[in-house]
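For reference, the structure discussed in these notes is given below.
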Amino acid sequence: MAIKQYNPTTPGRRGMTSQDFDGITTRKPLKSLLVPKRRGNGRNNQGRITTRHKGGGAKKFYRIMNFKLAEGVTATIEHIEYDPNRSARIARIKEPNGTYHYILAAQGMKVGQAITSGEEASIEPGNRLPLKNIPVGSTIHAIELKVGKGAQMVRSAGNSAQLMGRADNGYVQVRLPSGEVRLINEMCTASMGVIGNEQHQNVKIGKAGRNRHLGKRPGVRGVVMNAADHPHGGGDGGRHGIGGGKNHGSAPKTPWGQKTLGYKTRRRKSTSQFIVRSRHAAKRK
């Protein structure tokens, strides 16, 4: 996949890039695998805004994905499609009995290719196997965390993990895209290969209106607000840093007073026993 460049015909076009859709074989999704997607605009079930700077955007349907392809399924890729709900491309596959599924499209997937799920599946991009049957050093994606729950990790465009080794207690070591090495039950399944659309991260938005189409509203910095509206706001003497307002001399905070910019919020007490090497230790090397 390549990045599509534009001529600078307008200020918004100057520097703008977009994805190349040449690899997509159809623009019409399968109706039976679509469900309406209601936009919450950042609100919870009580109608209160819990995520600021969300709202609007183009209408879209959700594609029903199969993240836990059943054991023994053999299907053929009919189309590679665009999915507005995720960065990766999706593949429409069809079983011999006529059942359709949507799965994540890996690099190298082509129309007409056979996809297999199960312990006897070959080591080819897109096939899904238990971790115990995957050779050490293989590149994988769409990894289960709990047996039978379906893929939860490594699902975005261009991402992949690596099977590093096996433990004696029924677990395998997997290095995630963050650099973290984690123990996962060897009975969990994963798909082979790297997820496609790897150039997604290099797309330049180019103009504010394009972000509005994605459902992203403008974000206002705290330092330009009044002191009554944000801990970073207020202060005399013109422009100032984060510590220049009534928050001068203390750590950066959210509008509700919680620490941010480096403050660790990840709770992993129940899973710390499965982390062999933290992502922070990997970055320091």
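When the range 1-47 is examined, which residues are found to be more than 30 Å from residue 111 (Cβ to Cβ), touching a strand residue (DSSP E or B) at 6+ places or on another chain (Cβ under 6 Å) and basic (Lys, Arg)?
Matches in the range 1-47: 43 only.
Out of 66, 97, 44, I need the residue that is assigned by TED's automatic domain parsing to the domain that holds residue 147 and crowded, with 16+ Cβ neighbours inside 10 Å. Which one?
The conditions single out 66.
Out of all the residues in the range 216-235, which are touching a residue at least 24 places away in the same chain (Cβ under 8 Å) and surrounded by fewer than 17 Cβ atoms within 10 Å (Cβ to Cβ)?
Of everything in the range 216-235, those that are touching a residue at least 24 places away in the same chain (Cβ under 8 Å) and surrounded by fewer than 17 Cβ atoms within 10 Å (Cβ to Cβ) turn out to be 216, 217, 218, 219, 229.
Please work out which one of (1) touching a Ser or Thr at 6+ places or on another chain (Cβ under 9 Å); (2) in a loop (DSSP other than H, G, I, E, B); (3) modelled with pLDDT under 95 is the condition residue 111 fails and give its number.
Every listed condition holds for residue 111 apart from (3).
Residue by residue, here is whether (1) part of a loop (DSSP other than H, G, I, E, B); (2) in contact with a Gly (Cβ under 6 Å, 6 or more places away or on another chain) holds:
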| site | (1), (2) |
| --- | --- |
| 157 | yes, no |
| 165 | no, no |
| 201 | no, no |
| 210 | no, no |
| 219 | yes, no |
| 228 | yes, no |
| 233 | yes, yes |
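Could you tell me which of the residues 182, 155 is among the basic types (Lys, Arg), within 30 Å of residue 82 (Cβ to Cβ) and either crowded, with 18+ Cβ neighbours inside 10 Å or assigned by TED's automatic domain parsing to the domain that holds residue 110 (or both)?
Of 182, 155, the one residue that is among the basic types (Lys, Arg), within 30 Å of residue 82 (Cβ to Cβ) and either crowded, with 18+ Cβ neighbours inside 10 Å or assigned by TED's automatic domain parsing to the domain that holds residue 110 (or both) is 155.
Hey, residue 103 hits all of (1) within 25 Å of residue 216 (Cβ to Cβ); (2) assigned to a strand (DSSP E or B); (3) under 19 Å from the mean Cα position of the chain (by Cα) but one; which does it fall short on?
(1)
Looking only at strands (runs of 3 or more DSSP E) that lie completely in the range 1-74, which have at least 3 residues being modelled with pLDDT of 95 or more and under 20 Å from the mean Cα position of the chain (by Cα)?
61-63
Quick test for you: out of 191, 178, pick the one residue that is in contact (Cβ under 8 Å) with a residue 60 or more places away in the chain, in a loop (DSSP other than H, G, I, E, B) and of a type outside the set (Phe, Trp, Tyr).
178
Can you go through 246, 264 and tell me which one is farther than 13 Å from residue 222 by Cβ, modelled with pLDDT under 85 and assigned to a loop (DSSP other than H, G, I, E, B)?
Residue meeting the stated conditions: 264.
Here's a check for you: in the range 1-37, which residue that is basic (Lys, Arg) and surrounded by fewer than 11 Cβ atoms within 10 Å (Cβ to Cβ) is nearest to residue 204 (Cα to Cα)?
The extreme case among them is 27.
The values are calculated or read from the model by the stated rules, or taken from the named source; none is laboratory data. None of the values given here were measured: they were computed from a predicted structure. Every residue, glycine as well, gets a Cβ built from its backbone with ideal geometry; the counts of neighbours run over all protein chains shown.
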